[in-house]
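A quick write-up on the structure given underneath.
None of the figures in this text is laboratory data; all of them are computed from the coordinates on show. All figures in this text were calculated on a predicted structure; none of them were measured in a lab. Reconstructed Cβ throughout: ideal geometry from the backbone, glycine too, with neighbour counts over all protein chains shown.
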Amino acid sequence: MTLRFPLRPWGLALAAAVSPALAAAPAELAEIKAQIEQLKAAYEQRIAALEGRLAQAEARAGSADVAARSAQSDGKTAQATGAAASSGSRAGLATAFNPEVSLILQGQYKQMKNLPERGITGFWPAAGHTHDGGDADKRGFSLGHTELVLAANVDPYWRGQAILALVDSEVEVEEAWFQATGLGDGMGLKGGRFRSSIGYLNEQHPHQWDFADAPLAYAALFGKEGSYTQDGLQFKWVAPTETFLELGAEVGRGQKFPGSERNKNGSGAGAVFAHVGGDVGVAQSWRAGVAYLRTSTRGREAEIRDVGGLEGQGMFSGQAATWLADFVWKWAPNGNPKYENFKFQGEYFQRREKGSLACADENASGNACNGLADSYRRRQSGGYVQGVYQLTPQWRAGYRYDRLASGSPHIGASLAPRLDFASAVLDRYHPTRHSLMGDYSWSEYSRLRLQFAWDKSMPGVTDRQITLQYIVSLGAHGAHKF
Amino acid sequence: MKSSILMIASAVLTALFSTTLRADVAVFATVPEWGALAKEIGGDKVTVYNATHGLQDPHRIDARPSLIAQARRAQLVVATGAELEVGWLPVVLRESGNGRIQLGQPGYLEAARQVVLREVPPVLDRAHGDIHAAGNPHIQTDPRNYLKVGEALAGRLAEIDPANQAHYRAGYSNFAGRWRSAIGRWEREAAGLRGVPVLVQHQAFPYLCDWLGLKEVGSLEAKPGVEPTRSHLAELLARQGGQPAKMVIRAAYQADGPSRWFSQRAGIPAVALPFTVGGTPAAGDLFSLFDQTVQRLVEANR
């Protein structure tokens with residue numbers, strides 16, 4: 001390896017400093033002396049620096065791309081550090097990790113009622129969406145998802161990221177995608193499995209949430225994991241404007257609730273979204289968005305009862321069209337959120353489902369609706385608002401209000417009279433929930449949260465829930481979206 | 001559905017027409033000092049956007065939509081690096097859809113790569129606090145570092161805008177000349193600070209201490225990035241008997257509570273340094289930034 005020492009600029013500077021000294025007054029002489037001293041110091045520092053760098057370069061590998069680009073002033077004589085970074089151990093830099101690795105550990109203690117058929121009345125459960133009924137539904141101590149995040153630039157054109165959720169005897173691929181980095185003109189392309197950009201909370205993983213669980217709206221829309229994930233492609237474009245404006249579209253397999261697995265060419269789900277955002281003065285910032293998601297499902301199952309109260313199996317097949325609107329507003333004195341800040345967020349959705357409902361008598365109990373099928377149509381809506389105030393670097397407090405409207409199902413005349421409309425998924429109900437949380441962060445990497453919730457997801461039951469939750473992260477410092 | 005398509009189309013059109021064509025190089029500086037340096041070198045050939053101002057902690061801001069919109073239009077991003085902006089800049093760069101300013105492109109420059117970093121941790125373990133693997137990122141408190149960063153910056157500007165190459169070279173040598181004589185002046189004014197023991201609120205001043213020969217005898221934060229605790233402050237206070245610090249210094253954007261608490265009990269001045277351009281009203285540019293830094297330290301040492 002060669003370390004070229006750029007003598008020339010210093011020589012020139014020295015000459016420039018010395019030449020006027022020939023005709024200088026004593027006062028100027030003193031100044032020139034000081035300058036020479038300073039140059040000497042800088043010179044010595046630089047030699048020490050190069051020695052240090054040499055030692056460092058020998059002790060580490062990786063990050064050659066960045067180093068090579070900028071180690072030298074003009075970026076063209078950069079072979080020195082680039083070549084130096086080819087051997088040796090990895091003990092050095094966290095940023096030299098290739099890929100960046102981080103591990104999120106989460107777990108909780110939860111106290112709540114023992115409700116055997118826990119769910120959100122008036123909404124179809126997202127079957128198969130959770131693991132043994134879901135972490136959020138376990139009473140007592142439980143371990144949440146352990147998330148392993150791996151990310152890196154693939155080459156100058158692509159970046160890749162995978163987020164694996166480790167659950168007992170199971171590894172779930174939560175996200176695994178590639179992203180173009182160099183398309184330019186504001187264009188972005190992502191492919192693989194990724195959290196859809198619809199809504200605000202949808203892209204956030206549970207460890208980024210301000211509450212221990214997802215809002216009821218997200219649980220009703222996408223299941224307890226509180227997110228819609230696409231297996232497909234996303235294209236988006238950022239406008240070259242001062243106000244942030246982003247438009248995007250996604251196509252995907254659409255196997256996730258409210259869609260279902262399919263065996264067809266083409267795409268099973270499509271989404272479009274638009275985001276706008278900006279600052280108001282130095283202390284406030286905001287983002288607003290609208291999104292539309294279309295999915296289709298075949299054979300979505302839930303328990304329904306017939307007029308006589310006998311249990312049967314309901315199956316819905318059809319389309320779901322979901323509109324989402326979201327708004328986030330943040331305030332921090334002087335725009336410096338470290339010590340004090342406030343965050344308000346709210347989201348609203350409306351979902352229209354249209355298709356057919358079939359009834360089957362699984363237990364052969366003589367169910368009155370057995371074998372019948374007719375049209376099914378329903379409009380549901382809901383949302384949440386929340387505010388979180390950080391009062392010191394460590395303490396935060398927040399309140400969230402959830403409300404849903406299940407709407408009444410419109411079911412064809414041949415089936416409707418045979419059904420009991422008080423069945424959980426067919427019932428007309430307004431689930432609500434109040435949640436209060438307080439959390440403490442020792443550092444950017446560890447947080448303990450206490451949450452109280454008054455959950456009226458089911459009629460006639462007020463479930464008072466207490467959750468004590470921890471979230472810690474190991475490894476690379478994450479960068480989160482707004 | 002039809003009306004929503006119309007809505008989106010009109011939004012796109014508005015966006016396109018409000019774009020102004022600029023001949024200047026659009027510089028996105030993560031912190032005001034690099035913005036000011038770009039202005040010193042580029043003059044009227046650059047337009048500078050500073051992602052943070054003097055009272056914001058650049059380590060702790062959000063990846064706000066406004067930053068993404070600005071990064072989308074930038075031709076050159078000047079960051080400090082060394083993980084100072086790690087919590088937001090990677091997101092801003094990725095979300096901007098701007099290929100020119102990505103890592104490894106001419107449009108991305110890290111100042112910390114141009115200088116020798118201090119306090120490179122021998123052991124990477126967060127039990128030692130929020131340490132930065134590459135070293136301490138607060139390089140802007142030593143004026144000598146601006147010469148190296150400025151040289152690199154001028155080179156990048158020339159690479160991005162070759163038509164004005166000569167302008168950037170001249171801008172840099174003009175700045176470097178004035179800067180060197182200013183450094184001489186500051187060093188003379190601050191000569192009395194050599195060997196003076198100081199306490200720092202956060203480990204933000206190794207470069208300043210090295211430059212002026214101040215002796216850092218402790219930090220109010222027991223671990224970097226972890227808020228000062230009462231017990232650690234009490235311990236430092238007890239140490240004042242044997243090894244008295246003459247002042248406690250902090251960056252203007254840090255809460256004044258801990259250093260005020262300490263200053264009152266120890267009977268030594270608490271000094272808020274501008275830390276960057278705009279940190280105090282008087283620190284309006286790079287020169288006045290160091291004028292005021294030196295002045296405040298000298299006054300506290302009287």
- Note on the structure: So, with points 7 Å from each Cα along the Cβ direction, the A:V171-A:R298 label distance in nm works out to 3.1 nm
- Residues with amide H under 5 Å from that of A:G254, placed H, sequence gap 5 or more: A:D231, A:G268, A:A269
- Message: Counting pairwise Cα distances across chain B, what percent come out greater than 30 angstrom?
- Response: 37 percent
- Task: Obtain the nm distance between the two label points defined at B:Q264 and A:L474 by a simple spin-label model: each point lies 7 Å from its Cα along the Cα-to-C-beta direction.
- Result: 4.3 nm
- Arrange A:Y292, A:Y440 by Cβ neighbour counts within 10 Å, fewest through most, would you? A:Y440, A:Y292
- GluC sites (Glu not before Pro) lying in DSSP loop within the range A:277-385, provided at most 15 other Cβ fall within 10 Å: A:E362
- Message: Test of understanding: ordering B:F175, A:F211 by Cβ neighbours within 10 Å, fewest first, what list do you get?
- Response: B:F175, A:F211
- Message: List the aspartates and glutamates whose Cα sits under 12 Å from the Cα of B:K148, skipping any in the same chain fewer than 8 residues away.
- Response: A:D74, B:E110
- Message: Between B:R185 and B:D256, what's the calculated FRET efficiency when r is the beta-carbon distance and R0 is 30 Å? Round to 0.05.
- Response: 0.55
- Cα pair count fraction exceeding 20 Å, expressed as % - the range A:228-371: 64 percent
- Note on the structure: So for R0 = 60 Å, FRET eff. of B:N174-A:A397 from the Cβ-Cβ r, to 0.05, ends up at 0.65
- Amide proton proximity set for B:V77, modelled H, under 5 Å, gap of 5+: B:F28, B:Y108, B:L109
- Message: List the residues, sorted by chain then number, that are 5 or more residues from B:E216 or on another chain and whose placed amide H is less than 5 Å from its amide H.
- Response: B:V198
- Note on the structure: Note: B:121-130 gets an average of partner chain Cβ contacts (10 Å, Cβ to Cβ) equal to 2
- Estimated vicinal HN-Hα couplings, Hz - the range A:324-337 in sequence order (Karplus 6.51, -1.76, 1.60; Gly, Pro = x): 10, 10, 9, 8, 10, 9, 10, 10, 8, x, 6, x, 10, x
- Task: For chain B, with a Gaussian network of springs between Cα atoms less than 10 Å apart, report the residue from B:L237, B:L199, B:L289 with the top mean-square fluctuation.
- Result: B:L237
- Looking only at other chains, what is the average number of their beta-carbon atoms within 10 angstrom of each beta-carbon in A:331-341? 5
- Item | lysines with Cα under 21 Å of B:K246, excluding same-chain neighbours fewer than 8 positions away | B:K215
- Item | Fluctuation leader among B:P274, B:P143, B:P122 - chain B, Gaussian network, Cα springs under 10 angstrom | B:P122
- Item | Sorted by Cβ density within 10 Å, fewest first, the residues B:R126, A:R449, B:R302 | B:R302, B:R126, A:R449
- Item | Karplus-derived HN-Hα couplings along the range B:124-136 (A = 6.51, B = -1.76, C = 1.60, θ = phi - 60°), whole Hz, x at Gly and Pro | 8, 8, 6, 4, 8, x, 7, 7, 9, 4, 7, x, 5
- Query: How large is the convex hull of the Cα atoms of the range B:22-185 per residue, expressed in Å³ as a whole number?
  - Reply: 119 Å³
